[in-house]
1. Which ³J(HN,Hα) values, rounded to whole Hz and listed in residue order, are derived for the stretch 408-424 from phi using the Karplus coefficients 6.51, -1.76 and 1.60 in 6.51 cos²θ - 1.76 cosθ + 1.60 with θ = phi - 60°, glycine and proline given as x?
2. Counting each DSSP H run of 4 or more residues in the chain as -39500 (n - 2.57), what helix-only mean residue ellipticity at 222 nm follows after dividing by all residues, to the nearest 500 deg cm²/dmol?
3. Going by average Cβ neighbours within 10 Å, how do the peptides 358-367, 125-134 rank, with the highest at the top?
4. Using a/c under 1.5 as the rounded threshold, could you call the stretch 262-459 rounded, prolate or oblate? The axes a ≥ b ≥ c are square roots of the C-alpha gyration tensor eigenvalues, and prolate needs a/b larger than b/c, oblate otherwise.
5. What does DSSP give for the chain in terms of the percent of beta bridges that are antiparallel, rounded to the nearest 5?
6. Give the shape of the stretch 132-258 as rounded, prolate or oblate, defined through the alpha-carbon gyration tensor: a ≥ b ≥ c are the square roots of its eigenvalues, a/c under 1.5 means rounded, and otherwise the shape is prolate if a/b is larger than b/c and oblate if not.
7. Can you find, among LEU239, THR141, GLN441, the residue farthest towards the positive end of the dipole of the chain? Put +1 on the C-beta of Lys and Arg, -1 on that of Asp and Glu.
8. Could you please rank CYS266, CYS391, placing first whichever residue has the fewest other Cβ atoms within 10 Å of its Cβ?
Amino acid sequence: MSEFGLPTAITPYALTLWAEGRKVATLGHAPMNDQWSLDYDPGWAAQAESFPLSPALPFRPPANGYAVGAVKRFVENLLPEGRALDITASTFHVSKSNIYALISALGAETTGAFRFWPMDQTPPAVVTTPPREVTRDELDTRLAERDQMPLAVWDGKVRMSIAGVQDKVMVYLDRPLDEGGRFFLVEPPLASTHILKPDPGRELTPHLVVNEHYCMTLARRMKLPVADVAIYRTPRPVLLVRRFDRIALQGGTGPVVQRRHIIDACQASDLPATYKYERHLGSGEHVRHIRDGVSFEVLFDRVEQTVNKAAARMTLLRWALFQFLIGNSDAHGKNFSFFVHREGLEPAPWYDLVSVVQYPGIDHQLAMAWGDAFSLEEVTAFALADFAQRCRVDRQLLKREARRMAKLATEHASLQAQAADYIDEAEQAFAGLLRDFIVGQATRLTELADEAAKIKGKFL
């Protein structure tokens, strides 16, 4: 069904979506007027275990079709950003704004459950060529030569097909690293199981791998839902992230990787990727009042789309408080995801947890404001109470959770700073900076939440 309630026209601009060997839907595009269409396969929609692409694209569209732009927004949010997008567009000789061309090129291995495939073809059901190994030495060489050969390109093919700005490589890990695991680049039907994220190699963000590893592992210590990470050394540090939208199994003919469907908060909110920041037009004098990107309020509104609303609200509250504790000013709408089920959404494990405030050369404006405060320094007890009211969070609950998380963060921040993962004085010193900052934030959060609980509702 098109965005205007019309049946999908026969057009050469069409792709088929597949999941686990089953046809899911047909995606159509009319390029001259940039109209998009989506038609679910009746066989897919009829299965009890099936699920839609997103809440904005249900199996049964409204009588006058999906919202204008909804199909395009879903697809656009799957694409990489920044340099990786530049490289992809350049490699395939297409415009960065040509969303259909880009998903045609990268759609075989995007985030989530679906593969985008040519209309006249069927994705292979068995592995026909051995996966291509990436050795430690080769990875180290590629990291050293990133200025000459982008890390997204391997053997002349773009391998970066997930959203985000930072350099990444998607790989299949055949067994745990401590059991001699090896990395491989994959082709369908095999999917990647892990993401490799190296240090950017720029002076603005030193020890970024240590930073993310520390914050992610601190969350794990605090029993928060977070993706598994480890530091892999070539000897250059590389963050190894296990994908939670993939499940690796051993089939009768070899490895099998099942894909789980996830969407980020932009897709769940039916917003384009450019709306990932609350102030999506920036903080200039004439536009700073425009705040219709993903905010905490928009994020918490997604609770109504979830299967377990009480659990989802608590998860979002803890996610927000943890960003405050670590000083992640860049916690935006594409940094929170949900599993998609037929019955509704379920919060996915957390990822991209970084203490951005450790880097003075980077803008620390908050991606989502606490009340009206767009910097950590400006957050007051009133701002915290304002946040709670906007997000429909009981302020006594906010106080209890803030106290509990602050106590856990104080306890585990020191333990994590002593972890053996950080191997030299520079890394250990950076971990110490993270510890000191987080302990200070924990004390501050406790005080602010206590005061926020005392503010009378009539003042909010």
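1. Working through the residues one at a time gives 5, 4, 4, 5, 8, 4, 5, 5, 5, 5, 8, 4, 6, 5, 9, 9, 10 Hz.
2. Computed ellipticity for the chain at 222 nm equals -10000 deg cm²/dmol.
3. 358-367, 125-134
4. Rounded.
5. Close to 95 percent.
6. In terms of gyration-tensor shape, oblate.
7. Of the options given, the answer is GLN441.
8. Ordered by Cβ neighbours within 10 Å, fewest first: CYS391, CYS266.
None of the figures in this text is laboratory data; all of them are computed from the coordinates on show. These figures come from a predicted structure and were not determined experimentally. Quick reminder, even Gly has a Cβ in these numbers, built from the backbone with ideal geometry, and neighbours come from all protein chains shown.
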